[in-house]
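Heads up: the structure comes next, in structure tokens.
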Amino acid sequence: MAIINVTPDSFSDGGRHASLESAFIHAMACVGDGAAILDIGGESTRPGAVEITPAEEQDRVLPVIEKLHAETDALISIDTYRAETARLAVAAGAHIINDVHGLQREPMIADVAAATGAGVCIMHTGRGREEERLADRIDDQEFFLTGSLNIARTAGVPDEAIVLDPGFGFAKNREDDLELMARFPELHRLGFPMLAGTSRKRFIGAVTGRERADERDIGTAATTAMLRLAGAAIFRVHNVSANLDALRMADAVLAAAGAHEEKRG
């Protein structure tokens with residue numbers, strides 16, 4: 001899943017692809033590098049980002065989605081928590097709704113997914129819920145994501161349309177993110193495919209000493225390989241080619257492990 005930020009202020013590449021033409025060119029380059037999904041976002045979710053209006057968000061993302069829908073067979077994801085933006089994006093050609101608030105900021109977004117048949121990425125966040133967060137990190141993941149799944153199921157979203165995301169970096173510090181990586185296999189007990197969004201996040205910079213976000217691609221690829229070995233299914237990244245190489249190596253190791261077990265059995 002390639003990150004296509006149609007924003008002036010995203011933490012890593014804000015402003016680089018803010019126009020329709022530059023966003024389109026970048027997205028098609030990502031497809032050429034091997035991206036299967038293009039995640040289009042019109043509002044920065046970095047800490048401290050200024051919230052924009054729904055109209056501003058829609059003006060940024062809808063023309064990009066329409067153009068990509070006409071020019072590529074890649075799946076298109078809309079990165080939004082707003083129900084109306086999601087509805088318009090799916091009408092413009094998006095196939096997936098990626099909600100960083102886990103359907104809990106505007107629960108009507110689940111109704112949009114159910115009515116349109118769109119896939120849903122449900123992300124865990126700690127933002128705005130400090131008082132209810134559980135001490136154990138996996139317990140808190142299960143608490144929050146179970147609430148989100150209840151919203152989705154009540155709206156009629158089928159389980160097979162849902163992917164879960166532990167939300168690396170969203171109201172999480174270095175220790176939170178590293179523990180989530182270490183305990184990632186425990187998240188599979190929720191019973192859904194898992195999306196990993198570690199790309200260029202602050203905890204990678206804290207570990208590697210890379211202060212600039214765009215210098216964290218090697219560290220990101222390392223997390224991608226580790227999380228693939230831990231069972232993650234989708235990887236939301238800035239640098240597609242570097243992470244695809246990491247995935248190829250991880251998958252080769254998984255295949256070798258499977259062959260070894262088959263011989264033993």
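Restricting A27, A92, A86 to residues that are modelled with pLDDT of 95 or more and closer than 19 Å to A152 by Cβ narrows the list to A86. Within segment 135-168, how many residues turn out to be surrounded by fewer than 22 Cβ atoms within 10 Å (Cβ to Cβ) and aromatic (F, W, Y)? So the count comes out to 1. Any residue that is of a type in the set (A, V, I, L, M), crowded, with 16+ Cβ neighbours inside 10 Å and not in a strand (DSSP E or B) - is there at least one of those in segment 125-134? No.
Considering each residue of segment 66-115, count those that are of a type in the set (S, T, Y) and in contact (Cβ under 8 Å) with a residue 40 or more places away in the chain, and give that number. Steps first, please.
Residues of segment 66-115 that are of a type in the set (S, T, Y), as a first pass: 72, 77, 80-81, 85.
Subset that is in contact (Cβ under 8 Å) with a residue 40 or more places away in the chain: 72, 77, 85.
Within segment 66-115, residues that are of a type in the set (S, T, Y) and in contact (Cβ under 8 Å) with a residue 40 or more places away in the chain number 3.
Restricted to segment 95-118, and to residues there that are of a type in the set (G, A, S) and over 15 Å from the mean Cα position of the chain (by Cα), the residue that is farthest from I162 (Cα to Cα) is A115. Count of segment 142-175 residues, restricted to those that are among the acidic types (D, E), in contact (Cβ under 8 Å) with a residue 40 or more places away in the chain and part of a helix (DSSP H, G or I), is 1.
The residue that is nearest to F144 (Cα to Cα), among those in segment 190-206 that are small (G, A, S) and more than 12 Å from the chain's Cα centre (by Cα), is G191. Looking only at segment 115-133, which residues are under 26 Å from P47 (Cα atoms) and either among the polar types (S, T, N, Q) or modelled with pLDDT of 95 or more (or both)? Across segment 115-133, the qualifying residues are V120, C121, I122, M123, H124, T125.
Within segment 60-74, does at least one residue satisfy the condition of being within 26 Å of G191 (Cβ to Cβ), among the charged types (D, E, K, R) and in a helix (DSSP H, G or I)? Before you say what the answer is, go through the steps one by one.
Keep residues of segment 60-74 that are within 26 Å of G191 (Cβ to Cβ), which gives none.
So far as segment 60-74 goes, no, none of its residues is within 26 Å of G191 (Cβ to Cβ), among the charged types (D, E, K, R) and in a helix (DSSP H, G or I).
In contact with a His (Cβ under 9 Å, 6 or more places away or on another chain) and within 23 Å of E132 (Cα to Cα): is that true of G231 in this structure? No, not satisfied.
Summed over segment 169-191, residues that are touching a Phe, Trp or Tyr at 6+ places or on another chain (Cβ under 7 Å) and either closer than 18 Å to I97 by Cα or surrounded by fewer than 22 Cβ atoms within 10 Å (Cβ to Cβ) (or both) total 2.
The values are calculated or read from the model by the stated rules, or taken from the named source; none is laboratory data. Computed from a prediction, not measured in an experiment: that's the story for all the values here. Reconstructed Cβ throughout: ideal geometry from the backbone, glycine too, with neighbour counts over all protein chains shown.
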